[in-house]
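Notes to accompany the following structure.
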Amino acid sequence: MTERACRFHVTVKPAEIVYLNGLIDSYEGVGTMRTEDETMGKVTIYSTIGYELILKDLLLALQKEGLLLTVDGIDYDDKLI
């Protein structure tokens, strides 16, 4: 089965990058995180449309728990993966 890809562009406190990455990894299949700019806390989480809502809910729950993160944007890839 092929799915469309999406990317969540997120800013988090630099000290929280490893923590966020560990959480994303623990939700197996939801996404893979890449640090874009460590000093600015800019990361990209790669996911698929099939997991997009789960990832959105996870990020929202983390915000409600007090993790200072913002979703700067979401873009969608026209390619199938």
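Close Cβ contacts (under 8 Å, 6 or more residues apart or on different chains) running from residues in region 65-76 that are in a loop (DSSP other than H, G, I, E, B) to residues that are open to solvent by less than 90 Å² (accessible area, probe 1.4 Å) comprise Leu67/Val12; Leu67/Glu16; Leu67/Leu20; Leu68/Val12; Leu68/Glu16. Restricting region 24-49 to residues that are part of a loop (DSSP other than H, G, I, E, B) and open to solvent by 90 Å² or more (accessible area, probe 1.4 Å) leaves a set whose member that is farthest from Val12 (Cα to Cα) is Glu28. Taking region 1-23 as the range and being of a type in the set (D, E, K, R), over 11 Å from the mean Cα position of the chain (by Cα), surrounded by 14 or more Cβ atoms within 10 Å (Cβ to Cβ) and at pLDDT 95 or above as the test, only Glu16 passes.
Can you name every residue in region 50-64 that is of a type in the set (A, V, I, L, M) and surrounded by 13 or more Cβ atoms within 10 Å (Cβ to Cβ)? Once the filter is applied, which keeps residues that are of a type in the set (A, V, I, L, M) and surrounded by 13 or more Cβ atoms within 10 Å (Cβ to Cβ), region 50-64 yields Ile54, Leu55, Leu58, Leu59, Leu62.
The values are calculated or read from the model by the stated rules, or taken from the named source; none is laboratory data. Note that the structure is predicted; figures quoted are calculated from it, not measured. Here the Cβ is made from the backbone with ideal geometry for all residues, glycine too, and neighbour counts use every protein chain on show. When the accessible area is computed, the model is the full protein with side chains, heavy atoms only, and any ligands, DNA or RNA have been set aside. Shrake-Rupley method; radii C 1.70, N 1.55, O 1.52, S 1.80 Å.
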